[in-house]
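J.: Below is a structure I'd like to ask you about.
The values are calculated or read from the model by the stated rules, or taken from the named source; none is laboratory data. Because the structure is a prediction, the values reported are computed rather than measured. No Cβ is skipped: glycine too gets one built from the backbone with ideal geometry, and neighbour counts run over all protein chains shown. Areas reflect the complete protein model, heavy atoms only, side chains present, ligands, DNA and RNA absent. Shrake-Rupley method; radii C 1.70, N 1.55, O 1.52, S 1.80 Å.
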Amino acid sequence: DRRFDLLQRAAPVGRARHRSLRAAIDTSYALLETDDQAFFRALGVFTAPFSAQLAHEVAAPPGADRLRTIDGLSRLVDRSLLVAEASGGLTRYRLLESLRDYAAEHARAAGEWPALLDRFVAAMVGEADRLVVAGLTRWSAEVLASVLAQHDALVAAIDRAVAADADA
């Protein structure tokens, strides 16, 4: 809970951005364009690796082009605020835990968090629907791999849905 106090120096040594973990992330965040800051904050809702498609559904502004989402992901990877992992021809993205907490904290402060949670749950319901249809159509190793890849995100979406509305 106090990760941003980590590496904090009491005496001023070196540049301000090197005095704490928070200062280092603040510096990187401040260098982002306003749209990229909003996109980064929105990605804080993901507790598990996610696809570009899910990032688009949850974090992109309404009506945004998918290429804009890919560009945004690429810019955040280039700035070391997001990790891209390629496997089996697919690229999945993830935020390191400290960066995710930072993004979520800023999304809460901006008043964006409830709407982001709703978008996340809706996107995961759509993902679950696609997985069920794929499994019913033809169960395969690829479908199983998709289910396993989405497991943590699906559990997080269920937890969030139930926390928001016990009748959900």
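J.: I need the full set of residues from segment 55-75 which are touching an Asp or Glu at 6+ places or on another chain (Cβ under 7 Å) and not charged (D, E, K, R), in order please.
T.: Within segment 55-75, just GLY72 meets the criteria.
J.: From the list GLN53, GLN37, exactly one residue is assigned to a helix (DSSP H, G or I) and either touching a residue at least 24 places away in the same chain (Cβ under 8 Å) or open to solvent by less than 60 Å² (accessible area, probe 1.4 Å) (or both). Which is it?
T.: GLN37
J.: Of these, VAL125, VAL121, VAL147, which one is of a type in the set (Val, Ile, Thr) and either open to solvent by 60 Å² or more (accessible area, probe 1.4 Å) or in contact with a Gly (Cβ under 7 Å, 6 or more places away or on another chain) (or both)?
T.: VAL125
J.: I'm told ALA145 meets every condition in (1) in contact (Cβ under 8 Å) with a residue 24 or more places away in the chain; (2) under 23 Å from ARG41 (Cβ atoms) except one. Can you identify the failing condition by its number?
T.: Checking ALA145 against (1) in contact (Cβ under 8 Å) with a residue 24 or more places away in the chain; (2) under 23 Å from ARG41 (Cβ atoms), the one that fails is (2).
J.: Answer yes if at least one residue in segment 79-94 is touching a helix residue (DSSP H, G or I) at 6+ places or on another chain (Cβ under 8 Å), in a helix (DSSP H, G or I) and open to solvent by 70 Å² or more (accessible area, probe 1.4 Å), and no otherwise.
T.: The answer is no; no qualifying residue exists.
J.: Check whether at least one residue in segment 12-33 is at pLDDT below 95, under 17 Å from ALA122 (Cβ atoms) and open to solvent by less than 30 Å² (accessible area, probe 1.4 Å), and report yes or no.
T.: no
J.: Would you be able to tell me the number of residues in segment 20-41 that are of a type outside the set (Gly, Ala, Ser) and out of contact with any Lys or Arg (no Cβ under 8 Å at 6 or more places or on another chain)?
T.: 10
J.: If you take the residues in segment 127-160 that are among the small types (Gly, Ala, Ser) and under 17 Å from the mean Cα position of the chain (by Cα), which one is farthest from ALA38 (Cα to Cα)?
T.: Checking each candidate, the answer is ALA149.
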